[in-house]
1. Kindly provide the GluC sites (Glu not before Pro) of segment B:206-277 that DSSP labels as loop, not H, G, I, E or B, and whose Cβ sees at most 14 other Cβ atoms within 10 Å.
2. Grab the DSSP H runs of the protein assembly as shown that are 4 residues or longer, score each as -39,500 (n - 2.57), total them, divide by all residues and round the 222 nm result to the nearest 500 deg cm²/dmol.
3. Of A:Asp11, B:Asp41, how do they rank once you tally other Cβ atoms within 10 Å and put the fewest first?
4. Given Cα pairs under 8 Å that are at least 6 residues apart, what percent is the relative contact order of chain B?
5. Where the centroid of each part is defined by its Cα atoms, how far is segment B:240-260 from segment B:342-416 in Å?
6. How would segment B:166-265 be classified by its alpha-carbon gyration tensor: rounded, prolate or oblate, with rounded meaning a/c under 1.5 and the a/b versus b/c comparison settling the rest?
7. What percent do you get for the relative contact order of segment B:307-460 when only Cα pairs under 8 Å and 6+ apart count?
8. Net charge near B:Gly352: determine it from the other residues with C-beta under 10 Å of the C-beta of B:Gly352, scoring Lys and Arg +1 and Asp and Glu -1.
Amino acid sequence: MKRIKTLETRDLNKSLANGCGECQTSCGVANQKCENSNKH
Amino acid sequence: MVHQFKMNGFNIVLDVYSGAVHSVDDLAYDIIALFESTSEDEIVSRMLEKYRDDKAVNEEEIRECISDVEELKAQGKLFTEDNCSEKTMDFKKRNTEIKALCLHVAHTCNLNCEYCFASQGKYKGDRALMSFEVGKQAIDFLIKNSGKRVNLEVDFFGGEPLMNWDVVKQIVAYARSIEKKHSKNFRFTLTTNGVLLDDEVMEFANREMNNVVLSLDGRKEVHDSLRKNYAGEGSYDIIVPKFQKFVESRGDREYYIRGTFTHNNIDFTNDIFHMADLGFTKLSMEPVVCSPSDPYALTEADLPELKRQYEILAEEMLKRQKEGRGITFYHYMIDLQHGPCIYKRIAGCGSGTEYLAVTPWGELFPCHQFVGDPKYSMGNVWDGVTNTAIRDEFKLCNVYAREKCRDCWARLYCSGGCAANAYHATGHITGVYEYGCELFRKRMECAIMMKVAESEMELT
């Protein structure tokens, strides 16, 4: 697509299916890293 | 839902519910803005009119771009629907296994900062220090209530935790002595004003603390105007050399310098750059949250300049990154590829459910910013959570609980915002602290713009 460049992002809709809860608490969620995003 | 914005020469499109981010040219930007509400022929007509002086834009180009947008929509990367409404998740049944405690090891402080949300560390109560017995019981309570979770966090907080340092070390030693037996991994953090930092504290913290938060507000005159000791003297000259030594000694270990900006320094990027000049590269600078009547309270009139400052910061950070002297700013450290799952984004910080604060005498509160408010006392580390009504209230405190958030594009980045800020601003934990929202949205736009810019830098 010559006029649209899409960055590589985690698909949030797919993450609906696969909530492990091992991420850190957050006092910003956006800054979180998910240690299991590759597995999920 | 799609959010479009222009910044720093980029046209950016965020697909809210999939999390997809697109960098587009002017024509695609305009087509996406019309796509859901306008027929293809009408889009073609409008674009031909708008770009009539641009020889690179003709009907074929426009239809090809529309086709690309349709393809992205089919791929679930544009105009995706909200698949996680309340019907999908029953928040009442949310897990309440606890994975983090904020231990208030000292309700006392050696500084007298005017804007302190904790009322100079005493949380509107009496001076108090946590005993090892209370700390030990808190660790046992956390392990017992953490279910199958492996990673457990304990923050040493205050007041000033270094005023009860021996107990901090005892609690760490106790937790380390039992973590393997329970198949747990403790991650400790320390928040300090730095006054009592010495070689022994640094050595222990470098060995045991996964992260340290160091309070510094930037330029000397800014810092010293509000962060004074009880004799009225500023603390900048005392703490800066200690922080520099501490940060250098930490090597690759995590730290960050955490500042607060107020109405007195709405040019806060100058404070961030000053801290960078001091050698600190991991930085955070937060807007003060206080009563509107306080002389240093941020005002509505400050908002345009604050937003401009966030853009200045993002652009300067990109420049420094190119020059090989990059700094990080906590709110700009979003991870598009390995960020949190949708459950985390909806549920938010976990206060009152998976994260609790413990007072020096073992009382439980939803988080450190509720400590001292008797309405939010939840129980204690011996009997556990006895006020389950509070826990249930926080279980339901999520992004879907806030009607005002329904049309906000940033809702899956802030998760509905800080419950404590909402409570203090509106009287309800599910309220909306609008001023904070304005700043949050600008920060997220800046953070996403930086990701787009970085992706372009990788190509060049």
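1. Working: sites: B:Glu208, B:Glu221, B:Glu233, B:Glu248, B:Glu254; in loops: B:Glu233, B:Glu254.
Answer by residue number: B:Glu233, B:Glu254.
2. Details: 16 runs with 182 residues, N = 500.
Computed mean residue ellipticity for the protein assembly as shown: -11000 deg cm²/dmol.
3. Values: A:Asp11 16, B:Asp41 9.
With the fewest neighbours first, A:Asp11, B:Asp41 line up as B:Asp41, A:Asp11.
4. Working: 749 pairs, mean separation 67.9, N = 460.
That works out to 15 percent.
5. 30
6. Values: a/c = 2.37, a/b = 2.29, b/c = 1.04.
In terms of gyration-tensor shape, prolate.
7. Working: 179 pairs, mean separation 36.8, N = 154.
24 percent.
8. Working: positive: B:Arg391, B:Lys395; negative: B:Glu354, B:Asp392, B:Glu393.
Overall, the nearby charge balance is -1.
Readers should treat all values here as calculations from the given coordinates under stated rules, not as data from a laboratory. Please read these numbers as outputs of a predicted model, since none were measured by experiment. No Cβ is skipped: glycine too gets one built from the backbone with ideal geometry, and neighbour counts run over all protein chains shown.
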